[in-house]
Amino acid sequence: MHETTQPRQLSLNAFIYPSGHHEAAWRHADSAPDRIYDVSYYQEIGRTAEAAKFDAVFFADGPALRQNVKHYAAPGLEPITLLTAIAAATTHLGLIATASTTYYEPYNLARLFSSLDHISGGRAGWNIVTTGTDLAAANFGLAKHPDHAERYSRAREFVDAVVALWDSWEDDAIVLDTESGIYADPDKIHEINYVGRHLRVRGPFNSARTPQGHPVLVQAGASNDGRSFAGQYAEAIFTAHQRLEDAQAFYSDIKARAASFGRNPEHVKILPGISPFIADTEAEAKALEREFNELTVPAYGLGQLRNLVGKDLDHLDLDGPVPVELFGDAGDVTDNSRSRLQVIAGIVQREKPTVRGLLHRLAGARGHRVFVGTPEQVADTIEEWFTKGAADGFNVMPPYYPGGLEVFAKTVVPILQERGLFRTEYTGTTLRDHFGLPRPESQFAGRAAAAQ
């Protein structure tokens, strides 16, 4: 018999921002800002994503109020708790939450994600972040936020400790012998005795290994430190690119870094963000985008941009050109220390927008790619990036919820399915199954086998 190779399949995640990824979405008639604290709202979004056979839903999060809530419906629910509620309303959909290695401790974070993986039957993913805002420090009694290199140094120790905790119960540690009265074999439950420069964790963990072995490790940093971290640890990577060639360069770089750590590059999924305005005609799609842009509040957009560039912008003429010198310290493409700022600097250099025009460009998805067109055009773009070495799938960022996801699910997904690029049914039950990732073996089981 000859083995048949399954054609490569796209991964699609629904990135949930409560009222939508456009900053003015909460003001639009098709969004539901009054429901952003209503759990049934998120369960409905989860069911929409699952009906379209999405791999997962994804929540961003941070331990500080970063947005100006005077003009923005900022998300507020803790994502791991919320994903547990979505798990109860779905059966296959992956559940990815963001949590910071800077402001958690390994043991309590390991428990949260382990519990989500058990409760959901193996659908959990952890989006690993180091937290990029100084606003968080004061919320945790710290005088200042750790610098970039220090945060990544702690993050490496943190992930090593968390994975060791998840591995500390071997898969067959639970004996469940009711006749002899033995529930578990203590010889297969291990202290991890992790000691690093930043962290000390003894273990063992207080819960058995999860259905996936451990939750999927996800990452979203594009700086040099972030890329190195991703190559070493990440199994899925969320990233922001405006152009195909930039996405291709990032894709090749991450795959090469993974290989340099002895990993299989196919087990690292690269998932750029795309925020599509979709309508029956291109003209109607552009009109829809204009509707949203006309609802923006310039003071809010200027504040968001000021946070990125670190300079006062209130003196700028909204209808004048964006001063290129604002981005003089963004770094070049080989540096990547301020990756999102570089994306914006590239927009300014290529398109030479007015200040208002740049604010509209960034209003859609904070530097992720906004695409405006018909369902076929959206599908064409996704296919091009997927087949030309720029993406293994996409983090779909609807400009508005819930309708933006519903339109994508009803119009774009069927086209991708007809082209053989996306599943028509789930072929597995876990997030690892959906992403095509192997189930990792416990490192302690491996050590025991080697010793024998």
Quiz item: Where in the chain lies the longest segment free of GluC sites (Glu not before Pro) that are both loop residues by DSSP (not H, G, I, E, B) and have at most 11 other Cβ atoms within 10 Å?
Solution: 4-178
Exercise. Any chance you could check the Cα centroid distance between the range 216-239 and the range 359-379 for me, in angstrom?
Key: 24 Å
Quiz item: Based on the alpha-carbon gyration tensor of the chain, what equivalent-ellipsoid semi-axes (square roots of 5 times the eigenvalues) come out, in whole Å, largest first?
Solution: 37, 26, 21
Exercise. Treating only the Cβ atoms of Lys and Arg (+1) and Asp and Glu (-1) as charged, compute the dipole magnitude of the range 1-146 about its Cα centre; round to the nearest 20 debye.
Key: 140 debye
Quiz item: For the range 166-276, with only Lys/Arg (+1) and Asp/Glu (-1) charged at the beta-carbon, what is the dipole magnitude about the Cα centre, in debye rounded to 20?
Solution: 680 debye
Practice problem: Restricting to the range 199-358, compute how many DSSP beta bridges are antiparallel as a %, nearest 5. | Solution: 25 percent
Quiz prompt | the chain - share of DSSP beta bridges that are antiparallel (%, nearest 5) | solution = 20 percent
Quiz prompt | For the range 133-217, with +1 on Lys and Arg beta carbons and -1 on Asp and Glu, the positive-most of Val175, Ala143, Gln212 along the dipole | solution = Ala143
Practice problem: Pop the C-beta distance of Glu425 and Ala249 into the FRET formula with R0 = 30 Å and round what comes out to the nearest 0.05. | Solution: 0.30
Self-check item: For the range 359-370, Karplus couplings with θ = phi - 60° (6.51, -1.76, 1.60), whole Hz, Gly/Pro x
Solution: 4, 5, 4, 7, 5, x, 6, 6, x, 6, 6, 9
Exercise. Calculate the translational D of the range 125-205 in whole µm² s⁻¹ from Stokes-Einstein, where the hydrodynamic radius comes from the Kirkwood formula applied to all Cα pairs, the temperature is 25 °C and the viscosity 0.890 mPa s.
Key: 161 µm²/s
Quiz prompt | At most 13 other Cβ within 10 Å, DSSP loop - chymotrypsin sites (Phe, Trp or Tyr not before Pro), the range 249-296 | solution = Phe261
Quiz item: With a ≥ b ≥ c the root eigenvalues of the C-alpha gyration tensor of the range 275-404, is it rounded (a/c under 1.5), prolate (a/b larger than b/c) or oblate?
Solution: oblate
Quiz item: Counting pairs of alpha carbon atoms under 8 Å apart in space and at least six apart in sequence, what relative contact order in percent does the chain give?
Solution: 24 percent
Quiz item: Which far-off residues, 5 or more places away or on another chain, put their amide H under 5 Å from the one on Phe277, with H placed in the peptide plane?
Solution: Phe371, Val372, Gly373
Practice problem: Putting +1 on Lys and Arg Cβ atoms and -1 on Asp and Glu Cβ atoms, find which of Gly76, Ala29, Phe58 reaches farthest to the positive end of the dipole of the range 2-78. | Solution: Ala29
Self-check item: Of the trypsin sites (Lys or Arg not before Pro) in the range 144-181, those whose Cβ has at most 15 other Cβ within 10 Å and which sit in DSSP loop
Solution: Lys144
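None of the figures in this text is laboratory data; all of them are computed from the coordinates on show. Bear in mind that the values here come from a model prediction, so they are computed numbers and not experimental data. Don't worry about glycine lacking a Cβ; one is built from the backbone with ideal geometry, like all the others, and counts go over all protein chains shown.
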